[in-house]
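Visitor: My questions all concern the structure below.
The values are calculated or read from the model by the stated rules, or taken from the named source; none is laboratory data. This is a predicted model, so every value here is computed, not measured. Note: ideal-geometry Cβ built from the backbone for every residue, glycine included; neighbour counts use all protein chains shown.
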Amino acid sequence: MQKILWADDEIEILQAHVLFLREKGYEVVTVTNGDDAVYQVKNNQYDIVLVDEMMSGKDGLTTLNEIKDYSPQLPVIMITKNEEESLMEEAIGKRIDDYLTKPVNPSQILMACRKLLDKKDIITEKRSQQYARELAQISASLMKPLSAQDWIDYTLKFFRMDMDLDSTTDTDYRQILYDHRNEINKEFGKFIERNYAGWVAETNASKRPVFSVDIVNNYLIPEIKRGNQVIFFVIDCMRTDQFFSIESFFYDDFRVQKDYYYSILPTATPFSRNAIFSGLFPHEIEKKYPELWSLNEDDESLNRYERELLELQLQRSGLNLKNDLKYVKIMNNEDIKNLEKNMHNYLDSKLLAIVVNFVDILAHRRSDLPILKDIVPDEAAYRSLTRSWFQHSPMLGLFKQIAETNALTFLTSDHGSIRGLHGTKVIGDRETSTNLRYKYGRSLKADRKHAIYIKDPYEWKLPKRGINTSYIIAKEDYYFVYPTNYNKYLSYYKDSFQHGGVSIEEIILPIVKLESKKIIR
């Protein structure tokens, strides 16, 4: 039985209301003044408090303030004869949860209490009904042909449903949702395997999804040619749901426009980010600019020439910016502080490209530090930590500086990540790459149920490192483990955030346009 405390100096004339609430299953305790109300809250457990605004002695606002100081989470409804806006603003400022204007009838009191007391149960019930309908619709849709846009729509729906659960502690719904996500990723892997080679072979870009290679050409270059100053952020390894977690920070200062695109394969920095900056698929980069990109180098050095690749892409489109192109790579908070401090030195360029590596570093460090895995046990915590980082790092101040300028800002990611929950055995020679979600080399063998096998890399516009080079790319939430010390590495990498494979989390990404609200174009 839920317990209501009602404080009103005329409570005797409200006995019909009290009786009505008791008949509806509530226990109601009444007091006639603010001091008794505060005493009751301090010495007993209540689920909700009703407070009359005009009581003799300690008035309702003072009583409200003292109750909230002692028990901030206890819902309080104020009942008042006063309809003045200033009074309501003052009450709301003191964390009032709802208010009613006299005269009130018993049904009004009941509905106000139910709205606060039963809100969680009502939301849970409605959510379960909504989820059941939507997940059933998605499952049914997976049985028929889907377009690239359909998969984007399902990805956004999944992330929104997942984030709706962040405010609850109910793990049952989340497990149901994740079971459906696994079903979605299984079908998405088949969809990519059927269509990717045809997409990358298509000379007409309008007949395939927007890819990493299209971002600069489709979004940045047209604005530069119109004479606009452009700032381009690439946050490495940021999933779409992680962007959703920081999205609200932009709305005070920017008009926000969102599109979505497909990362190229493999969904890993050496491939996908170079594709963004070059406007070329990996095989085309190696063929056209062999001095800037080669699989014979280690993965880290493969992204040394992003500025040069961006400059070459601009030149191919007829833009020769020279010193009007600036590029910054941010590896830690100190780098962000330095950029924020010296931003005025960069804002005179026509194009400023900024790569932010924090989220990617977080994903990698989580595998190495058990305490970080405890702090970030799942996707919900990963989103929360991303939001906290953005809010409390100099990144937020950086964007507020940008909002004071005429610049158009574009924000994107090069690839996402997925929690690797299932290992699958792989066999390869000593020259095989070390990545967990994709590998290239000779004589590669893996279970085809868990991986896409690419015998001819050129068909997927991937470079070869030798005559017999092939690729395997993990599907769903699988990661590759060698037979040697299999159980050791299976356990070590399980439940780590990984990238390079085929999943909606890694492939479908946001490209966001931010236009300052202070600028009228």
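Visitor: Would you be able to say whether some residue in region 160-174 is part of a helix (DSSP H, G or I) and of a type in the set (V, I, T)?
Guide: yes
Visitor: Here is a follow-up. Do the conditions hold for S443, that is, is it of a type outside the set (D, E, K, R), within 24 Å of L347 (Cα to Cα) and in contact with an Asp or Glu (Cβ under 8 Å, 6 or more places away or on another chain)?
Guide: No, not satisfied.
Visitor: Still on this structure, I have one more. Looking at region 171-208 only, could you name the residues that are touching a Lys or Arg at 6+ places or on another chain (Cβ under 9 Å) and free of Cβ contacts under 8 Å to residues at least 60 places away in the same chain?
Guide: Once the filter is applied, which keeps residues that are touching a Lys or Arg at 6+ places or on another chain (Cβ under 9 Å) and free of Cβ contacts under 8 Å to residues at least 60 places away in the same chain, region 171-208 yields Y173, K190, N195, G198, W199, E202.
Visitor: Here is a further query. Is there any pair with a first residue in region 37-64 that is more than 15 Å from D8 (Cβ to Cβ) and touching a residue at least 60 places away in the same chain (Cβ under 8 Å) and a second that is part of a loop (DSSP other than H, G, I, E, B) and not polar (S, T, N, Q) whose Cβ atoms are under 9 Å apart and which are 6 or more apart or on different chains, and what are they?
Guide: Partner pairs satisfying both residue conditions: D47/Y26; D47/L74; D47/P75.
Visitor: Ok, one more. Name the residue, out of S349, S367, that is buried (at least 18 other Cβ atoms within 10 Å of the Cβ) and modelled with pLDDT under 90.
Guide: That would be S367, the only listed residue that is buried (at least 18 other Cβ atoms within 10 Å of the Cβ) and modelled with pLDDT under 90.
Visitor: Next question. All but one of (1) within 26 Å of N320 (Cα to Cα); (2) of a type in the set (V, I, T); (3) in a loop (DSSP other than H, G, I, E, B) hold for T267, so report the exception by its number.
Guide: Here T267 clears every test but (1).
Each row is one residue, and each column tells you yes or no for (1) at pLDDT below 95; (2) part of a loop (DSSP other than H, G, I, E, B); (3) not assigned by TED's automatic domain parsing to the domain that holds R387.
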position: D252; (1), (2), (3): yes, yes, no
position: S272; (1), (2), (3): no, no, no
position: S294; (1), (2), (3): yes, yes, no
position: S301; (1), (2), (3): yes, no, no
position: Q315; (1), (2), (3): no, no, no
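Visitor: Go through region 497-521 and give me each residue that's over 25 Å from Y261 (Cα atoms) and in contact (Cβ under 8 Å) with a residue 24 or more places away in the chain.
Guide: Residues satisfying the conditions are K517, K518, I519.
Visitor: Now, a different point. Would you mind stating whether I221 is buried (at least 16 other Cβ atoms within 10 Å of the Cβ) and assigned to a helix (DSSP H, G or I)?
Guide: yes
Visitor: Right, next: Scan region 463-485 for residues that are over 29 Å from the mean Cα position of the chain (by Cα) and either among the aromatic types (F, W, Y) or modelled with pLDDT of 95 or more (or both) and jot them down. Walk me through how you get there before you give the answer.
Guide: Of all residues in region 463-485, those over 29 Å from the mean Cα position of the chain (by Cα) come to 463-471, 482-485.
Result: Y471, Y482.
Visitor: Follow-up. Quick check on my filter: what residues within region 449-468 are over 27 Å from A363 (Cα atoms), assigned to a loop (DSSP other than H, G, I, E, B) and out of contact with any Asp or Glu (no Cβ under 9 Å at 6 or more places or on another chain)?
Guide: Answer for region 449-468, where residues must be over 27 Å from A363 (Cα atoms), assigned to a loop (DSSP other than H, G, I, E, B) and out of contact with any Asp or Glu (no Cβ under 9 Å at 6 or more places or on another chain): K455, D456, I467, N468.
Visitor: For region 279-295, state whether one or more residues are touching a Gly at 6+ places or on another chain (Cβ under 8 Å), closer than 22 Å to Q149 by Cα and in contact (Cβ under 8 Å) with a residue 60 or more places away in the chain.
Guide: Among the residues of region 279-295, not one is touching a Gly at 6+ places or on another chain (Cβ under 8 Å), closer than 22 Å to Q149 by Cα and in contact (Cβ under 8 Å) with a residue 60 or more places away in the chain, which makes the answer no.
Visitor: Just to be sure, is F191 assigned to a helix (DSSP H, G or I), within 23 Å of D153 (Cβ to Cβ) and either touching a strand residue (DSSP E or B) at 6+ places or on another chain (Cβ under 6 Å) or of a type outside the set (A, V, I, L, M) (or both)?
Guide: When the stated conditions are applied, F191 passes them.
Visitor: Yes or no: D214 touching a helix residue (DSSP H, G or I) at 6+ places or on another chain (Cβ under 8 Å), assigned to a helix (DSSP H, G or I) and acidic (D, E)? Let's see the steps before the verdict.
Guide: Details: touching a helix residue (DSSP H, G or I) at 6+ places or on another chain (Cβ under 8 Å): yes; assigned to a helix (DSSP H, G or I): yes; acidic (D, E): yes.
For D214, the condition - touching a helix residue (DSSP H, G or I) at 6+ places or on another chain (Cβ under 8 Å), assigned to a helix (DSSP H, G or I) and acidic (D, E) - is met.
Visitor: Something else now. With (1) touching a Leu at 6+ places or on another chain (Cβ under 9 Å); (2) among the aromatic types (F, W, Y); (3) within 15 Å of V234 (Cβ to Cβ) as the list, and Y346 as the residue in question, which single condition is left unmet?
Guide: Only one criterion is unmet by Y346, namely (3).
Visitor: Take K494 and decide whether it is closer than 23 Å to H283 by Cα and either in contact with a Phe, Trp or Tyr (Cβ under 9 Å, 6 or more places away or on another chain) or in the same structural domain as L265 (by TED's automatic domain parsing) (or both). So that I can check it myself, show each step before the final result.
Guide: Values: closer than 23 Å to H283 by Cα: no; either in contact with a Phe, Trp or Tyr (Cβ under 9 Å, 6 or more places away or on another chain) or in the same structural domain as L265 (by TED's automatic domain parsing) (or both): yes.
Considered against the rule, which asks whether it is closer than 23 Å to H283 by Cα and either in contact with a Phe, Trp or Tyr (Cβ under 9 Å, 6 or more places away or on another chain) or in the same structural domain as L265 (by TED's automatic domain parsing) (or both), K494 comes out as no.
Visitor: Given the criteria out of contact with any Cys (no Cβ under 8 Å at 6 or more places or on another chain) and not assigned by TED's automatic domain parsing to the domain that holds F271, does K225 qualify?
Guide: No: the conditions fail for K225.
Visitor: Any residue in region 135-152 that is surrounded by 15 or more Cβ atoms within 10 Å (Cβ to Cβ) sitting within a Cβ distance under 6 Å of a residue that is in a loop (DSSP other than H, G, I, E, B)? List the pairs, counting only those 6 or more apart or interchain.
Guide: What qualifies is A148/P209.
Visitor: Another one. Would it be correct to say that N195 is of a type outside the set (D, E, K, R) and over 22 Å from K475 (Cβ atoms)?
Guide: Answer is no for this residue.
Visitor: Identify all residues within region 334-356 that are among the charged types (D, E, K, R) and assigned to a helix (DSSP H, G or I); write none if there are none.
Guide: E334, D335, K337, E340, K341
Visitor: Restrict the check to region 142-152 and report whether at least one residue is assigned to a helix (DSSP H, G or I) and in contact with a His (Cβ under 6 Å, 6 or more places away or on another chain).
Guide: No - not one qualifying residue is present in region 142-152.
Visitor: I need the full set of residues from region 18-36 which are within 19 Å of D98 (Cα to Cα), of a type in the set (A, V, I, L, M) and without any contact (Cβ under 8 Å) to a residue 40 or more places away in the chain, in order please.
Guide: The answer is V18, V28.
This table checks each residue for (1) assigned by TED's automatic domain parsing to the domain that holds V234; (2) out of contact with any helix residue (DSSP H, G or I) (no Cβ under 9 Å at 6 or more places or on another chain); (3) surrounded by fewer than 20 Cβ atoms within 10 Å (Cβ to Cβ).
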| site | (1), (2), (3) |
| --- | --- |
| L408 | yes, no, no |
| T412 | yes, no, no |
| E431 | no, yes, yes |
| Y440 | no, no, no |
| L444 | no, yes, no |
| K455 | no, yes, yes |
| K464 | no, no, yes |
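Visitor: Follow-up question, since we're still on this one. On the basis of being more than 23 Å from Q257 (Cα to Cα), modelled with pLDDT of 90 or more and part of a strand (DSSP E or B), does Y327 make the cut?
Guide: Working: more than 23 Å from Q257 (Cα to Cα): yes; modelled with pLDDT of 90 or more: yes; part of a strand (DSSP E or B): yes.
The answer is yes for Y327.
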